[in-house]
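Enquirer: Here you go, one structure.
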Amino acid sequence: RMKGGYGFDNENAEAVMKTLLALEFTSKLGFNVRSPAKNATQGLLNLVEFGPIAMYRSRQFYKNNYEMKLEVDGMMKEAGFLFSESAAPELVEGQMRGKSFATKIKITDGETVEFKKPSYFSSMYGKVSKLAGFSGKLMAKVENFNRKTTFKVGFFEMYNNLNNSTAYKNSLREAGKSEAEIAKEIMTRARNYAIRKTTLLHFDYT
């Protein structure tokens with residue numbers, strides 16, 4: 001893997017490795033209340049970074065601007081910050097790579113595709129992986145809450161500053177931009193700022 005490979009050539013060895021990884025996650029982060037509790041304290045980073053007044057104003061802003069809330073939610077999904085709450089965050093990358101596809105089919109010398117029965121260890125990995133995914137739901141919920149908060153407050157902070165800046169808007173008007181283009185420019189800059197804030201305050205698993 002360090003050399004850019006996709007894991008063990010031996011299917012059973014690959015399945016055993018993934019099974020151990022899933023068990024490790026389940027033990028340390030999944031069925032372990034302390035881990036999401038500790039992760040929840042990351043919310044204090046938002047308090048330190050933005051301050052309580054900005055966070056309160058942000059909540060009021062989205063409460064009174066439902067269409068903007070929907071648009072910002074769409075930006076978060078597009079940015080790919082949020083984890084699926086049905087799968088363990090740390091296992092997502094591991095599940096997407098490796099030889100999981102090869103465990104279901106094989107290509108013969110005659111270039112024909114044949115389905116093959118998964119090995120015992122492959123079947124065991126499938127069961128353990130589901131268990132790990134279930135156990136990681138609480139962790140994913142806490143992580144998503146932290147990231148949503150950071151993104152939304154960050155977007156509001158930059159959007160509010162630019163939208164209420166007459167000097168900034170006049171500079172864009174002098175550059176020949178229309179009011180629609182100015183509004184789009186503000187949205188883009190606020191989005192990019194929110195993305196950088198979220199990446200700064202929270203670990204990026206990708």
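Enquirer: Tell me the label-point distance for the pair Glu24, Glu174, using the 7 Å Cα-to-Cβ offset, in nm and rounded to one decimal.
Expert: In this crude spin-label approximation the distance works out to 5.8 nm.
Enquirer: In addition: Take the residue pairs Lys18/Lys141; Lys28/Lys127; Lys77/Lys127 and return only those whose Cα atoms are more than 21 Å apart.
Expert: Flagged as over cut-off: Lys18/Lys141; Lys77/Lys127.
Enquirer: May I ask you to derive the FRET efficiency for Glu181 and Lys69 from their Cβ-Cβ distance with R0 = 25 Å, giving the value to the nearest 0.05?
Expert: Working: r = 23 Å, r/R0 = 0.93.
It comes out at approximately 0.60.
Computed from the coordinates by the stated procedures, all read-outs in this text should not be read as laboratory data. Everything quoted here is computed from the prediction, not taken from an experiment. All Cβ positions, glycine included, derive from the backbone under ideal geometry; neighbour counts span all protein chains shown.
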